[in-house]
Amino acid sequence: MNLARLGEENLEKYGEYVSLLFEGKEYTNREQHRAANRLAHALRGLGVGVGDRVVVMLPNCPEVPQSYAAILKLGAVVVPVIFLLGPEEVRHILVDSEAKVVITSTDMVWKVEPLLAALPTLSHVVLVDGEGNQTLGLAELVKGQPDTFGIVERADGDLAVILYTSGTTGKIKGVALSHGNLHSNARSAASLHELSREDWSLAVLPLSHSYGLTVMNAGNILGTRGVLLRWFNPEEVLTTIQKFRIRSMSCVPTMLVYLLNYPEAEQFDTSSMIYWGSGAAPLPLEIVEPFEKKFGGRILEGYGLTEATTVVSAHRLSMERRLGSVGKPIPGVEVKILDDQDRELPAGTVGEICVRGPSVMQGYYRMPEETQKTLKNGCLHTGDVGRLDADGYLYIVERKKDLIIRGGFNIYPREVEEVLYAHPKVAEAGVVGMPDPLMGEDVLAFVVVKAGQEANAEEMMAFCAEKLARFKCPKQVRFVESLPKSPVGKILRKELRKLI
């Protein structure tokens, strides 16, 4: 089934309703549907057909889901690009995907325009907010186009989306996801939803991330509505929650840390919040209690990765929350903990997290060797280390490549980071291994102190010594103004390692 049919099913099931609010303007599901149909006709006029790749590089705005739906209706392939990527990364994606059209905006078209003449496959650049000498304006392009469009049928195994991800190390890779992958994951994610479809949610994570596809697809299934912010800003988030009585929000832990440390937070009423969904990076447990006390609601942590079409496990509201856990595998997804010989380990034993199910990717786009390394014996080998408890709750311990081995002893950076987050002066912390001539590796901590606070390395190391085994304590602590992060706010340890 073509994934775009979820939009039509949404209209048939729920009728017309306000599904999106963006910068003070309401958009109904029917308006979004018609806009996507007009764009689909326009793209067909530009020569886009079945299997052609179309890049969407935009900040959060209504044109993102419109573009996704239009491309899918044509039977073409969506290539979402996070707008924060640099020009070299954008160039790599355009070359590797052989994109035919790019949909972007005037403030980031500079990353693409020089490539129009250089890349033989790239024929058109469409701007959603203007036009130029080498580019087309979206408004003019869709003017007069029909409001209806006959969806091109696609099989479940046909390619729908290529999501480029660099992971924690290595060169950027395209994750190939089929219509079936995305449909399965959307159904499973939607089955976890336990709020009224009338409740407003807040969408602030980049829609150009795999998160955006989940929001669009699960939202179509559930008939929910959301307030969309162009990007994350603590004051705007809190203002929006108060104004629209927001009930839920998906975010990354960094956003929760910023909100917790926002000096004017007490001025806002967030009592409407029921839950804050946290994912994409480990949640520092030390912030959970103070955060919930200040803002209300519950933090529900989940786990996923692009190679598994976003969601692997989650907490739902009605289930027991186990702090430190990322919940249970979603329906249709099987999680196993395997050793280095791919043997399944018993409950409570730490090993590599491996995933099986219909949402597991087809592979890395045009990278058969990388695909073979990751998809083995019918399982996605995630590269994450974790354990399952006796009740099936999943716990993430660390990335395999982030493990620090000091004198033969394994040290998990997250364990050290948790202690540092407990220090009253620490806003953020990142821990990596550094070369050591005697031990092979030792522990290096990067720390961001809270505004108005002062700290020194000795007090940080002494604090750790009170709570950790001696061999796990940082040998060095370096203070920085900020930690390097991915476009969705995940702390990048590979960038920290470059600072050694």
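Read the figures in this text as sums done on the coordinates, not as results from a lab. Quick caveat, the model's predicted, so the values are computed rather than measured. When we count neighbours, we look across all protein chains shown, and the Cβ atoms used for this are built from the backbone with ideal geometry, even at glycine.
A few points about this structure:
- Shape of segment 403-498, Cα gyration tensor, a/c cut at 1.5: oblate
- For segment 5-183, the antiparallel share of DSSP beta bridges with both residues in that region comes to about 40%.
- Adding -39500 (n - 2.57) for every DSSP H run of four residues or longer, then dividing by how many residues the chain holds, sets the calculated 222 nm ellipticity at -8000 deg cm²/dmol.
- Annotation note: trypsin sites (Lys or Arg not before Pro) in segment 324-429 located in DSSP loop regions with a Cβ neighbour count of at most 10 within 10 Å are ARG343.
- Angle of helix 234-244 to the longest C-alpha principal axis of the chain, folded into 0 to 90 degrees and rounded to 10: 60°.
- Within segment 201-282, trypsin sites (Lys or Arg not before Pro) in DSSP loop having at most 15 other beta-carbon neighbours inside 10 Å: ARG230, ARG245
- Loop-resident sites, segment 1-92, for GluC sites (Glu not before Pro), counting at most 14 other Cβ within 10 Å (DSSP): GLU16, GLU23
- DSSP beta bridges in segment 123-219 [antiparallel fraction, %, rounded to 5]: 75
- Dipole axis of segment 95-194 (+1 Lys, Arg; -1 Asp, Glu on Cβ), positive-most option in GLY137, LEU163, THR104: LEU163
- Nearest-0.05 FRET efficiency for SER482 and GLU266, computed from C-beta distance (R0 25 Å): 0.55
- Each label point was placed 7 Å from the Cα along the Cα-to-Cβ direction; for ASP339 and MET319 their separation is 2.8 nm.
- Options (i) 1.12; (ii) 1.23; (iii) 0.98 - which one matches Cα Rg over 2.2 N^0.38 Å as calculated here: (iii)
- Other-chain or far-sequence residues with amide H under 5 Å of VAL56's (modelled H): VAL79, VAL81, ILE103
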